Amino acid sequence: MNKADLIVALDVPNVEAMEAKLQELPDFIEWYKVGLEIFCAEGPAVLEPLKKRNKKIFLDLKLHDIPQTVANAVKTAASHGVNLMTVHAIGGRAMLEAAAAAAKECANPPKIVAVTTLTSLSEADFKDLGINRTVSEQAVALGELAISSGIDGMVTSAHEAKALREAFPDAILVTPGIRMPDGDVGDQKRVASPSFAVEQGATHLVIGRPIMHAEDPTAAATAMLEDMNK
Ligand code: C5P
């Protein structure tokens, strides 16, 4: 039993590239993340190769719209067999409550996690947006809003995960930006190792390039799992 779930980010441009990657990746990977790029290219058909292989699906569309629109999108995604999906906490209480309520009405309710702050935003961007909090304060404040609205958890950098875990003992915490201690960080600024993310309270680790671009994806995924479980 792994200490957290490993989710591979399928950041590919089309379904052909996705099929080729799925052939290459090891069977023991149970979760895949489908994001905006491929979903815009292919629509819900992109989920079929994953369902055929009985994989769990994390649909990362970061919904942020009026409550009714988000609720309808949650229901539609659930009807396609999505297990986990994202909304923006900044959409506010009515939107978050509508998303959570819509999920609960589904035959197979997806779990919903809220993005508190995009990791691309700095505290200078916060100023432009009129937010007078630190990144960590904003994460906890919006986490509080999300959880009290019925949302299941948050997407967070491993560096904010501890504060969120302490504040919300039962929340799902999804952490991207994972690298092996000696790995190439790419464009990620605040990276963490799998074991650090788990220690901070992450329940799901999203890993893209370190597995997707590895010469030997099975070896890369195995190393990530070993580090996570140590
Ligand atoms: O390749 P890498 O491991 O950096 O990929 C991480 C995945 O997680 C990408 O799909 C990226 O869009 C996503 N992500 C992220 N940071 C966030 C939210 C999502 O890196 N705050």
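The values are calculated or read from the model by the stated rules, or taken from the named source; none is laboratory data. Note that this is a predicted model, so its numbers are computed, not measured. Here the Cβ is made from the backbone with ideal geometry for all residues, glycine too, and neighbour counts use every protein chain on show.
Can you pull out the residues in segment 172-206 that are under 20 Å from residue 32 (Cα atoms), assigned to a loop (DSSP other than H, G, I, E, B) and more than 9 Å from the ligand (Cβ to nearest atom)?
The answer is 180, 193, 202, 203.
Yes/no matrix, rows are residues, columns are (1) of a type in the set (Asp, Glu); (2) within 25 Å of residue 205 (Cβ to Cβ); (3) at pLDDT below 95; (4) more than 16 Å from the ligand (Cβ to nearest atom):
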{"position": "37", "(1), (2), (3), (4)": "yes, yes, yes, no"}
{"position": "44", "(1), (2), (3), (4)": "no, no, no, yes"}
{"position": "50", "(1), (2), (3), (4)": "no, yes, no, no"}
{"position": "54", "(1), (2), (3), (4)": "no, yes, no, yes"}
{"position": "57", "(1), (2), (3), (4)": "no, yes, no, no"}
{"position": "64", "(1), (2), (3), (4)": "no, yes, no, no"}
{"position": "68", "(1), (2), (3), (4)": "no, no, no, yes"}
{"position": "71", "(1), (2), (3), (4)": "no, no, no, yes"}
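So is residue 112 out of contact with any Pro (no Cβ under 7 Å at 6 or more places or on another chain), over 30 Å from residue 188 (Cα atoms) and of a type in the set (A, V, I, L, M) or not? Don't jump to the end; show me each part of the working.
Working: out of contact with any Pro (no Cβ under 7 Å at 6 or more places or on another chain): yes; over 30 Å from residue 188 (Cα atoms): no; of a type in the set (A, V, I, L, M): yes.
Taking the combined requirement at face value, the residue does not satisfy it.
For segment 154-170, how many residues are assigned to a loop (DSSP other than H, G, I, E, B) and under 15 Å from the mean Cα position of the chain (by Cα)? Talk me through it step by step, then tell me what you get.
Step one: list which residues in segment 154-170 are assigned to a loop (DSSP other than H, G, I, E, B), which gives 156-157, 168-170.
Narrowing the set further to residues that are under 15 Å from the mean Cα position of the chain (by Cα) leaves 156-157.
Selection size over segment 154-170: 2.
Look at residue 165 and say whether it is over 20 Å from residue 56 (Cβ atoms) and either within 9 Å of the ligand (Cβ to nearest atom) or in contact (Cβ under 8 Å) with a residue 60 or more places away in the chain (or both). Walk me through how you get there before you give the answer.
Details: over 20 Å from residue 56 (Cβ atoms): yes; either within 9 Å of the ligand (Cβ to nearest atom) or in contact (Cβ under 8 Å) with a residue 60 or more places away in the chain (or both): no.
No, not satisfied.
Here is a yes/no grid of residues against (1) surrounded by fewer than 18 Cβ atoms within 10 Å (Cβ to Cβ); (2) within 24 Å of residue 73 (Cβ to Cβ); (3) in contact (Cβ under 8 Å) with a residue 12 or more places away in the chain:
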{"position": "107", "(1), (2), (3)": "yes, yes, yes"}
{"position": "113", "(1), (2), (3)": "no, yes, yes"}
{"position": "116", "(1), (2), (3)": "no, yes, yes"}
{"position": "120", "(1), (2), (3)": "yes, yes, no"}
{"position": "124", "(1), (2), (3)": "yes, no, no"}
{"position": "142", "(1), (2), (3)": "no, yes, yes"}
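I'm trying to understand the selection: among the residues of segment 186-230, which are surrounded by fewer than 20 Cβ atoms within 10 Å (Cβ to Cβ), touching an Asp or Glu at 6+ places or on another chain (Cβ under 8 Å) and of a type in the set (A, V, I, L, M, F, W, C)?
Hit for segment 186-230 is 212, nothing else.
So the check is Cβ under 8 Å with 6+ separation or different chains; which pairs have a first residue in segment 191-215 that's among the aromatic types (Phe, Trp, Tyr) and a second one that's more than 9 Å from the ligand (Cβ to nearest atom)?
From residues that are among the aromatic types (Phe, Trp, Tyr), the pairs are 196/158.
Given (1) more than 10 Å from the ligand (Cβ to nearest atom); (2) touching a Leu at 6+ places or on another chain (Cβ under 8 Å); (3) assigned to a helix (DSSP H, G or I), identify the lone condition not met by residue 211.
The number of the failed condition is (1).
Please state which one of 190, 179, 133 is in contact with a helix residue (DSSP H, G or I) (Cβ under 8 Å, 6 or more places away or on another chain), within 22 Å of residue 29 (Cα to Cα) and charged (D, E, K, R). First the steps, then the outcome.
Values: 190 fails: within 22 Å of residue 29 (Cα to Cα); 133 fails: within 22 Å of residue 29 (Cα to Cα).
Sole residue among the options that is in contact with a helix residue (DSSP H, G or I) (Cβ under 8 Å, 6 or more places away or on another chain), within 22 Å of residue 29 (Cα to Cα) and charged (D, E, K, R): 179.
Could you check, for segment 46-56, whether at least one of its residues is under 23 Å from residue 177 (Cβ atoms) and among the charged types (D, E, K, R)?
yes
For segment 77-134, give me each residue that is assigned to a loop (DSSP other than H, G, I, E, B), closer than 12 Å to residue 62 by Cα and not β-branched (Val, Ile, Thr). Spell out the reasoning first.
Just the residues of segment 77-134 that are assigned to a loop (DSSP other than H, G, I, E, B), to begin with: 80-83, 92, 105-110, 116-122, 129-134.
This time we only want the ones that are closer than 12 Å to residue 62 by Cα, so: 116-118.
Of everything in segment 77-134, just one residue is assigned to a loop (DSSP other than H, G, I, E, B), closer than 12 Å to residue 62 by Cα and not β-branched (Val, Ile, Thr), namely 118.
Only one of 119, 76 is among the polar types (S, T, N, Q), under 17 Å from the mean Cα position of the chain (by Cα) and closer than 30 Å to residue 20 by Cβ; which?
The unique qualifying residue is 119.
Would you say residue 151 is within 12 Å of the ligand (Cβ to nearest atom) and either surrounded by 18 or more Cβ atoms within 10 Å (Cβ to Cβ) or outside any helix (DSSP H, G or I) (or both)?
Values: within 12 Å of the ligand (Cβ to nearest atom): no; either surrounded by 18 or more Cβ atoms within 10 Å (Cβ to Cβ) or outside any helix (DSSP H, G or I) (or both): yes.
It is false that residue 151 is within 12 Å of the ligand (Cβ to nearest atom) and either surrounded by 18 or more Cβ atoms within 10 Å (Cβ to Cβ) or outside any helix (DSSP H, G or I) (or both).
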